[in-house]
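The values are calculated or read from the model by the stated rules, or taken from the named source; none is laboratory data. Predicted, not measured: the structure shown is a model, and the values here were computed from it. Because the Cβ atoms are built from the backbone with ideal geometry, glycine has one as well, and the counts that use them run over all protein chains shown.
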Amino acid sequence: MTANRELDDILRRAADGGRISPEEALLLYTDAPFHALGEAADTVRRRRYPDNIVTYIIDRNINYTNVCVTACKFCAFFRAPKHEEGWSHPTEEILRRCGEAVDLGATQVMLQGGHHPDYGVEYYETLFSAVKAAYPDLVIHSIGPSEVLHMSKVSGVSIEESIRRIKAAGLDSIAGAGAEMLPERPRTAIAPLKESGARWLEVMEIAHNLGVESTATMMMGTGETNAERIEHITMIRDVQDRTGGFRSFIPWTYQPENNHLKGRTQATNLEYLRFVAVARLFFDNVAHLQSSWLTTGKDVGQLSLHMGVDDLGSIMLEENVISSAGARHRSKLTELVSMIRGADRTPAQRDTLYRHLKVHWTPADDPTDERVVSHFSSIALPGGGAGGRTALSVIDAQ
């Protein structure tokens, strides 16, 4: 309960599972008392997940190239074609990294890279089929709508054909990569060469209708307004009403180092936590809400578990893109599980579809493998070969 009857009515309706409008979501985001907002969002979580379980996944983000023609202003990872620091990995190196991930318990890989001018559908068919041949049980949750559009253009085929072909080659799920900000004004400001937000969602809708589900993301803190943040999730919810193909929503915060935006605007932790709670109340049609300890830090990640979050994301055995822009937060499996348990939740390892693989009902069930450490290989972090390993090599782009 708050001192404002209008806010009370909106919070109560949303907590009970009713739909709130974008205008009501914006009012909650800007005006609702923090604790009341969090309580309402956590009510939704408890109703959806009465077992009180919070999940995590073990995966590895493997970047096949940093060569990209899109040149997003917030990106510190990409290099232009023919740049002396541009590189691509051979298939053999990618398979080696997949093998390391499997040995450490990973169930999923995210194969992502830049928009290389030479990489069409055929490249991804070869890559995905090679991974599936070597590791048939490893889920390929990879690329994003931007890569689909790029490969379609390079190969001169339709979006539908591209998705059908890469699905047949082994793609299991599309990542929410490249969403950043979907509304036109902020998207044009930070990524003028990238497809529009409407086009990004169009690709997702096509994929969903072809049987390929996905996640949805949002990067906050690059100068967008509060209203534009709500517009972003409204655009996603509208597509979800038609397809039901988004498994989860994952907001994260812009990182300011080594990119053209240079941190002129950033989202505060309070803005982030309030938005997480509003997202849980707004997305009556998206099952899962994941927080981003990688960009906000582990303390904020744990606090988000009281704002409606039911998934703490992954122990990323490798991550280069966001850490290139300054995300220095690292973790290990035992620590992530401890964060969940410390928030009075029951930890569970999940797969890509959010099915529980291992539920740690008591502390005696908690994992003890100290080898499972995030970023044990990263070209973006000093000491990227932590854990007794050496940093993995790259080859020059051809």
Which number in (1) assigned to a helix (DSSP H, G or I); (2) crowded, with 23+ Cβ neighbours inside 10 Å marks the one condition that Leu171 misses?
(1)
Taking the criterion of being part of a helix (DSSP H, G or I) and modelled with pLDDT of 95 or more, would at least one residue in segment 242-263 satisfy it?
yes
What's the number of the condition Pro192 fails, among (1) modelled with pLDDT of 95 or more; (2) in a loop (DSSP other than H, G, I, E, B)?
(1)
For Ser158, state whether it is free of Cβ contacts under 8 Å to residues at least 24 places away in the same chain and over 18 Å from the mean Cα position of the chain (by Cα).
yes
What's the number of the condition Asp137 fails, among (1) surrounded by 18 or more Cβ atoms within 10 Å (Cβ to Cβ); (2) of a type in the set (Asp, Glu); (3) within 22 Å of Leu353 (Cα to Cα)?
(1)
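Based on this model, can you work out whether Ala177 counts as surrounded by fewer than 23 Cβ atoms within 10 Å (Cβ to Cβ), of a type outside the set (Val, Ile, Thr) and closer than 18 Å to Ile250 by Cβ?
yes
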Could you check Thr222 against (1) more than 16 Å from the chain's Cα centre (by Cα); (2) in a loop (DSSP other than H, G, I, E, B); (3) closer than 18 Å to Tyr119 by Cβ and say which number it fails?
(3)
Within segment 266-284, does at least one residue satisfy the condition of being more than 23 Å from Ala14 (Cβ to Cβ), at pLDDT below 95 and touching a Phe, Trp or Tyr at 6+ places or on another chain (Cβ under 9 Å)?
yes
Yes/no for Arg165 being more than 21 Å from Lys132 (Cα to Cα) and among the basic types (Lys, Arg):
no
Ala198 within 18 Å of Asp241 (Cα to Cα), in contact (Cβ under 8 Å) with a residue 24 or more places away in the chain and crowded, with 22+ Cβ neighbours inside 10 Å:
no
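Among the strands (runs of 3 or more DSSP E) lying completely within segment 38-155, list those that include at least 1 residues that are free of Cβ contacts under 8 Å to residues at least 40 places away in the same chain and out of contact with any His (no Cβ under 7 Å at 6 or more places or on another chain).
Hits in segment 38-155: 139-142.
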Do you know which residues across segment 1-18 are surrounded by fewer than 13 Cβ atoms within 10 Å (Cβ to Cβ) and either within 16 Å of Arg280 (Cα to Cα) or touching a residue at least 12 places away in the same chain (Cβ under 8 Å) (or both)?
Met1, Glu6, Asp16, Gly17, Gly18
Yes/no for Asn63 being among the polar types (S, T, N, Q), crowded, with 22+ Cβ neighbours inside 10 Å and in contact with a strand residue (DSSP E or B) (Cβ under 8 Å, 6 or more places away or on another chain):
yes
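Here is a yes/no grid of residues against (1) outside any loop (DSSP other than H, G, I, E, B); (2) surrounded by fewer than 20 Cβ atoms within 10 Å (Cβ to Cβ); (3) not charged (D, E, K, R):
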position	(1), (2), (3)
Met204	yes, no, yes
Gly211	no, yes, yes
Ala227	yes, yes, yes
Ile236	yes, no, yes
Looking across segment 60-113 at residues that are touching a helix residue (DSSP H, G or I) at 6+ places or on another chain (Cβ under 6 Å) and modelled with pLDDT under 85, the single one that is nearest to Gly221 (Cα to Cα) is Phe74
Tally of residues being farther than 25 Å from Asp59 by Cα and either of a type in the set (Phe, Trp, Tyr) or not in a loop (DSSP other than H, G, I, E, B) (or both) across segment 174-188
5
